[in-house]
1. Look through the range B:33-71, keep the residues that are within 9 Å of chain A (Cβ to nearest Cβ) and aliphatic (A, V, I, L, M), and return whichever of them is surrounded by the fewest Cβ atoms within 10 Å (Cβ to Cβ).
2. Which one is nearest to A:Ala325 (Cα to Cα) among residues in the range A:400-426 that are polar (S, T, N, Q) and crowded, with 24+ Cβ neighbours inside 10 Å?
3. With respect to A:Gly100, determine if the residue is at pLDDT 95 or above, in contact with a helix residue (DSSP H, G or I) (Cβ under 7 Å, 6 or more places away or on another chain), at positive phi and surrounded by fewer than 24 Cβ atoms within 10 Å (Cβ to Cβ).
4. Restricting attention to the range A:20-36, which residues are under 14 Å from A:Met143 (Cα atoms) and out of contact with any Asp or Glu (no Cβ under 7 Å at 6 or more places or on another chain)?
5. Going through the range B:155-165 one residue at a time, which ones are under 16 Å from B:Glu74 (Cα atoms), part of a helix (DSSP H, G or I) and within 11 Å of chain A (Cβ to nearest Cβ)?
6. Within the range A:36-139, considering only strands (runs of 3 or more DSSP E) that don't extend past its boundaries, which have at least 1 residues that are within 14 Å of chain B (Cβ to nearest Cβ), of a type in the set (Val, Ile, Thr) and over 19 Å from A:Met211 (Cβ atoms)?
7. Of (1) away from every other protein chain (no Cβ under 12 Å); (2) part of a loop (DSSP other than H, G, I, E, B); (3) modelled with pLDDT of 95 or more, B:Gly101 satisfies all except one. Which?
8. Considering only the range A:366-377, state which residues are in a loop (DSSP other than H, G, I, E, B) and in contact with a strand residue (DSSP E or B) (Cβ under 8 Å, 6 or more places away or on another chain).
Amino acid sequence: MTPRTLAQKLVGRACGDPQVQPGDIVTCRVDLAMMHDSGGPRRLKPHLDSLGVRVWDPERIVVVTDHYVPATDEDSARIVRIARDWVREQGIRHFYDEQGICHVVTPSHGHLRPGMFAVGGDSHSCTGGAFGAYMFGIGATEMLGVAVSGEIWLRVPHTIAMEWTGRLPGGVCAKDMMLHMCTRFGMDGGQYEAVEFCGGAVRALSMNERMTLSNMATELGAQAGLIAPDATTVQWLQAAGVPGDALHDMAQWHTDEGAPLLARHRMDAGSLAPQVSAPGSPARAQDATAFAHERLDIAYIGACTGAKLDDLRMAAQVFRGGRKAAAGVRLMVAPASAQDQRQAADEGVLQTLVDAGAELLPNACGACAGYGANTFAPDTTAISTTARNFTGRMGAASSRVFLGSPYTVAASAITGHITDPRELLA
Amino acid sequence: MSTTDAPGRCWVFGDDINTDYLAPGKYMKYGIDAIAQHCLEDVEPRFAREVRAGDLIIAGRNFGAGSSREQAVEVLRHLGVRCVVARSFAGLFYRNGFNLGLPLLQGPAATEAPAWGIAPGAPACLDLEQARLQLPDTQQALQCQPIPPHLLALVTDGGLVPHLRKRIARERLHSAASNP
């Protein structure tokens, strides 16, 4: 057989034709459909009712409440209530209510594994690519199509390889790699193709860090952000309860030597400095030191992008030794899942953050989605571990949001202005 | 045979018009009518008040970047926007557009002029099947990339929901015929 990319293999398996070529339009069987309270039941239910049909397979659907929880008013309470009633009505067992953000909750309960073809009703669903699954975000109407038929059409993607060689310096992490890539290639650099993160620096990353890369593949404009599974993947998934016999055949899920790529970009992790993106777009990153004059009102550690267990650990590492957020800086921490928060508590990480002055927020999307809870006041300047800083997304249009890694946000909270974390970690 | 619509007015925007501009998060808990009143308010406050049925949007690169929220498409449909012509679209938004029956055209990449020189407010007639925009003021025609056949079929049906309704009715008819 001719050499194939990981994306070709995954899509080929899902559409039943291993020989698919980039550009082919194919119909794929969906192994898993994940949805949340905002784009899921609330939007699907009326259409399913009017079509007079039920979901194709309740066992293949995961529903997570994360956007409107905890409900802050009658409107949001009604939206969450629809989700709770709907899963019962449809016989959906895999329902995670107020347990955290779908992109973290779904894999950490063992629903994802290498080789799968999956969709999610949220743009950051490409997070699943970190596990060697072809997973991507779709809108609610397209999710309705999947819910009814178990199928979806796809243009077989080309692959753009993002190869990172060398070793990340201390205080530099996956978020910095991603802000750098968004800036170098632009928010449409992924051309809605599959991006594959590879090279020694990627293989050296923990599972949570790989998830950060795949998560922001959508900020690169890619459909999927894949990482070939390896021992790190298998170990993490086994701990998440995936049975060992579902994880044997891993070796096939990689890009063959000589498979045709749209492009291969090589980057050196060893020379990367902590990155910060200026307000407006993740594609406006420079070395953190370029923004040292920016004084802050808020340091926000949250979201699927930036508040997983490893993200909390990174932040705590900077606060260690009794460091506290500067007077006048509001330090907000919204751990990405209840499970990550429990583990962080067991390790003392959570206590370090609380001692630093953190205001602990619910395990939910919170201000990142900008849907109501804890959004930023006019003229606020913030630095955040989240994925997007579009004007007005996290609050008032006059609020300015910088993006950085958990290390950088923690260091900036301590000094009160944007700070290269290596100044404090040294 | 191709059909050309009555002229609509062109609203001209730049690059990276994102979903948070189109459907701001803080209004996402409401129905489409409420969200539509705030469509693009952080970019062009006049838009939601003054846009009329049949108007078109002309935009730059990466239109619809960001979220999967399809209210970003739905508001445009709700406000009567006939079509969006952009230099490129974010992939997720592109799929959502056709699923909700909003035609999207990718304009020619070769012309460097912003918005292909189309003036804000200029009248334009759309020929969707030919993927062409006629601009009577300047006698200009903008030839866009043709819409792939499976997406043209979807948008002609009015989007995925009417398309599914047809498919389900067909399947029911078929199973009734085979199980008399």
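1. Selected residue: B:Val43.
2. The qualifying residue nearest to A:Ala325 (Cα to Cα) is A:Ser412.
3. Judged against the criteria, A:Gly100 is not a match.
4. If the condition is that a residue be under 14 Å from A:Met143 (Cα atoms) and out of contact with any Asp or Glu (no Cβ under 7 Å at 6 or more places or on another chain), then A:Asp31, A:Leu32, A:Ala33, A:Met34, A:Met35 are the ones that fit.
5. Within the range B:155-165, B:Leu160, B:Val161, B:Pro162 qualify.
6. It comes to A:61-65.
7. With respect to (1) away from every other protein chain (no Cβ under 12 Å); (2) part of a loop (DSSP other than H, G, I, E, B); (3) modelled with pLDDT of 95 or more, B:Gly101 is out only on (1).
8. A:Gly370, A:Asn374, A:Thr375, A:Ala377
The values are calculated or read from the model by the stated rules, or taken from the named source; none is laboratory data. Note that the structure is predicted; figures quoted are calculated from it, not measured. All Cβ positions, glycine included, derive from the backbone under ideal geometry; neighbour counts span all protein chains shown.
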